[in-house]
Amino acid sequence: MYSNESFLLQLLVESGAIDQGTLDAISAQLSPLDSVITYLVNNNYLTGEYIAQVAAANSGLEYVDLAAFEVDPSIIAGVKGELARRVGFLPIGDDGFSLQVALADPFDMQTMDSLPQFLGRDVSFFVCSEQGLKKALDKYYPEKTKFAKGDTEGPIIELVENMFNEAHEMRASDIHIEPMEDRVRMRYRIDGRLVEVANHPKKLLGPIVARLKVMSSSMSIAEKRVPQDGRIEMDLRDGAHIDLRVSTVPTNHGESVVMRILDKSALSLGLPQLGFLSDDQATFDRLVTLPDGVILVTGPTGSGKTTTLYACLNHLNRPDKKIITAEDPVEYEMSGINQVMIRSEIGMTFAAALRAMLRQAPNIIMIGEIRDGETAAIAIQAAMTGHLVLSTLHTNDAPSSVARLADMGVDRFLIASAVRAIMAQRLCRSLCSACKMEGSLTPKQASTLGIDPNHPVMVARPGGCEKCRGKGMRGRLGIFEIFQVTDDVRGLINSNLTSAQLRKKARELGMRTLREDGIRKVLAGMTTADEVIRVTNGDAS
């Protein structure tokens, strides 16, 4: 089915191949989900090849008749058949600069934009007929099992396993399976951005969701009316072992599934791998080795707070220290650390867990998130009685965490006494180290970042290679704003300054903002100006 069938039908009318009256009569016989194009071909009104030629002529691409075309086996061998079938294309040549591929829908811009990333190289497109593409795929990539006989167990198992393997190979952090009105959309989040990777027939939604529920073991296949949560562990083709946190939500078109891929490499991260420059790393290293006090990591969802906390625990995890965590949920199991799962439905809240943890005589406590005044008060009390407490808050910058704690009911003099530091952070995409190139800031970029545009500044810019799938960006790094609670700052906290006033004073005392740290990383060739501007948009002042 064409992504813009109505436009193609209009082109066919304009070409004189069919008149509008006939088209209207046919459309009136069909349901809204039926394809008029398919009807025209099946009932011999037009040939698929003619339709493809019209589509090619109006998209500026060259038409190719796959029936009269023999593809070099080495070209076929260079592309996975599962990818070619799922996306809907056939590799037909290689001119040394780009891979030449044929596809039936030249109006599907999303697929055409995404394909170079999947293949890891530049792509040039040709147009073929739907029927010609199907026959060519069957010829060059014969399937062992097909969906034609129904939604049998074998093909669904294979589809799901291929999805997990592909997501891992593309370094995705989560998988989204989303029911649309007439299809099932699949997207991966890669380096913080969602990328559409496939569209499946709507009839496969039920079998796919059922398979995922079976794999997660704790989810009910029969229940489709309420949200469910589960967990999947599996081994991949390359020998990797992954954990996935599964969440389903009923929508008006069926159950939507999001699976977060838990990257166990986070367990082995040290502080240097978070993206600190040497001076901030030394500062944070000193702060997390203090004997007591509260250290908070702040930022919105998806800013890497949990990864930072695990890196801290990994750094502090020694035989002479007792560490207890309260997490909702426990995402990674860490050897040598006592981890408590929060279960609010049975009364095991953060506050209840924290009270129990204090009776275990820990040196270090990690609280997944401070969500309420009771938890905040107990954390402050624990810090003032000789414990180091690590936790997170949802605030946009570091100084505003003081007002957030005060809003929860914590007295400012207690905040000033117990809190040692607050660190805000964001994640921005890193330049691919294998292909980054020398570049310079544009006048607009320089002006936005507060750099004199009249003095050229050399920076790095994206290149494009196989490792980064031609994007020039690979992985992510943190940018940080460290607000240390010194004697001067304690006085400011106690004086009831607003968040804006406290932030201004903190900057006067030497605090570097998120954007200022990002600028340093642009100048160090670690990321781009556009990335820093994007993730620090709220920090522009």
Rounded to whole Å and ordered largest first, report the semi-axes of the equivalent ellipsoid of segment 167-268 derived from its Cα gyration tensor (root of 5λ).
23, 17, 12
Take the alpha-carbon positions of segment 304-443, form their convex hull, and give its projected area averaged over all directions (one quarter of the hull surface) in nm².
12.2 nm²
What Cys residues in the chain are without a partner cysteine, judged by a Cβ distance under 4.7 Å?
CYS128, CYS312, CYS428
Quick one: of the DSSP bridges fully inside the chain, what percent are antiparallel, nearest 5?
65 percent
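Could you tell me the calculated FRET efficiency between HIS455 and MET170, based on Cβ-Cβ distance and R0 = 35 angstrom, to the nearest 0.05?
E(calc), rounded to 0.05, equals 0.30.
Quick one: of LYS80/LYS135; LYS80/LYS203; LYS80/LYS467; LYS135/LYS202; LYS202/LYS305, which pairs are farther than 26 Å apart, Cα to Cα?
Beyond 26 Å between Cα atoms: LYS202/LYS305.
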Report the relative contact order of the chain, percent, no decimals, based on alpha-carbon pairs under 8 angstrom and at least 6 residues apart.
10 percent
For a test of the definition: using alpha carbon positions, the gyration tensor, and the 1.5 limit on a/c, classify segment 64-135 as rounded, prolate or oblate.
rounded
Computed log₁₀ I(q)/I(0) - Debye formula, equal Cα scatterers, no solvent, the chain, q 0.07 Å⁻¹
-0.53
Which value in deg cm²/dmol, rounded to the nearest 500, describes the helix-derived mean residue ellipticity at 222 nm for the chain, given -39,500 (n - 2.57) per DSSP H run of n ≥ 4 and division by the residue count?
-10500 deg cm²/dmol
Taking max minus min of the Cα coordinates of segment 320-387 on each principal axis, largest first, gives extents in Å of 34, 28, 17
Descending accessible area (1.4 Å probe), largest on the left, turns ARG476, ARG225, ARG86 into ARG225, ARG476, ARG86
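Could you rank SER433, SER129 by how accessible they are, 1.4 Å probe, largest area first?
Reading off the accessible areas and sorting them downward yields SER433, SER129.
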Probe 1.4 Å, accessible area per residue of the chain, Å²:
47 Å²
Selection from MET384, VAL209, GLY48, by position along the positive dipole direction of the chain (Cβ):
MET384
Under unit Cβ charges (Lys, Arg +1; Asp, Glu -1), what dipole magnitude, rounded to 20 debye, does segment 402-541 have relative to its Cα centre?
480 debye
Is segment 207-258 rounded, prolate or oblate when judged by the Cα gyration tensor, a ≥ b ≥ c being the square roots of its eigenvalues, rounded requiring a/c under 1.5 and prolate requiring a/b larger than b/c?
prolate
Grab every C-alpha pair in segment 384-493, bin the distances at 5 angstrom width from 0 up to the longest one, and report whole percents.
2, 10, 13, 14, 13, 10, 10, 11, 9, 7, 2, 0
Under 5 Å, built H, 5+ apart or other chain: amide partners of GLY475:
SER430
Rounded to whole Å and sorted largest first, list the principal axis extents of the Cα atoms in segment 1-99.
48, 25, 21
Nearest 10 degrees is fine. How inclined is helix 373-384 to the longest principal axis of the chain, computing both from alpha carbons?
50 degrees
For the chain, the longest principal axis of the Cα atoms and the Cα long axis of helix 278-288 enclose an angle in degrees, to the nearest 10, of 60 degrees
Spread of Cα-to-Cα distances over 10 Å intervals beginning at zero, given as percent, for segment 342-425:
17, 54, 26, 3
If you average the C-alpha positions of segment 182-256 and of segment 343-372 separately, how far apart do those two centres end up, in angstrom?
31 Å
In degrees rounded to 10, the 0-90 angle between helix 514-523 Cα long axis and the longest Cα principal axis of the chain is 60 degrees
Toy charge model, Lys and Arg Cβ at +1, Asp and Glu Cβ at -1: the chain dipole around Cα centroid in debye, rounded to 20, equals 1780 debye
For segment 451-527 and segment 398-430, distance of Cα centres in Å
18 Å
Relative counts (whole %) of C-alpha pair distances in segment 469-531, using bins that are 10 Å wide
19, 38, 23, 14, 5, 0
Span from the segment 1-51 Cα centroid across to the segment 270-304 one, whole angstrom
61 Å
Consider all pairwise Cα distances in segment 411-470 and report the whole-number % of them above 15 Å.
69 percent
Segment 278-321: equivalent-ellipsoid semi-axes (sqrt of 5 x gyration tensor eigenvalues, Cα, Å)
19, 13, 11
For segment 216-337 the translational diffusion coefficient, Stokes-Einstein from a Kirkwood Rh over Cα pairs at 37 °C and viscosity 0.692 mPa s, in µm²/s, is roughly 191 µm²/s
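The values are calculated or read from the model by the stated rules, or taken from the named source; none is laboratory data. Just so we're clear, the structure is a prediction, and the values are computed from it rather than from any experiment. Using ideal geometry, Cβ is built from the backbone for each residue, glycine included, and neighbour counts are taken over all protein chains shown. These area figures cover heavy atoms from the full protein model, side chains too; ligands, DNA and RNA do not enter into them. Shrake-Rupley method; radii C 1.70, N 1.55, O 1.52, S 1.80 Å.
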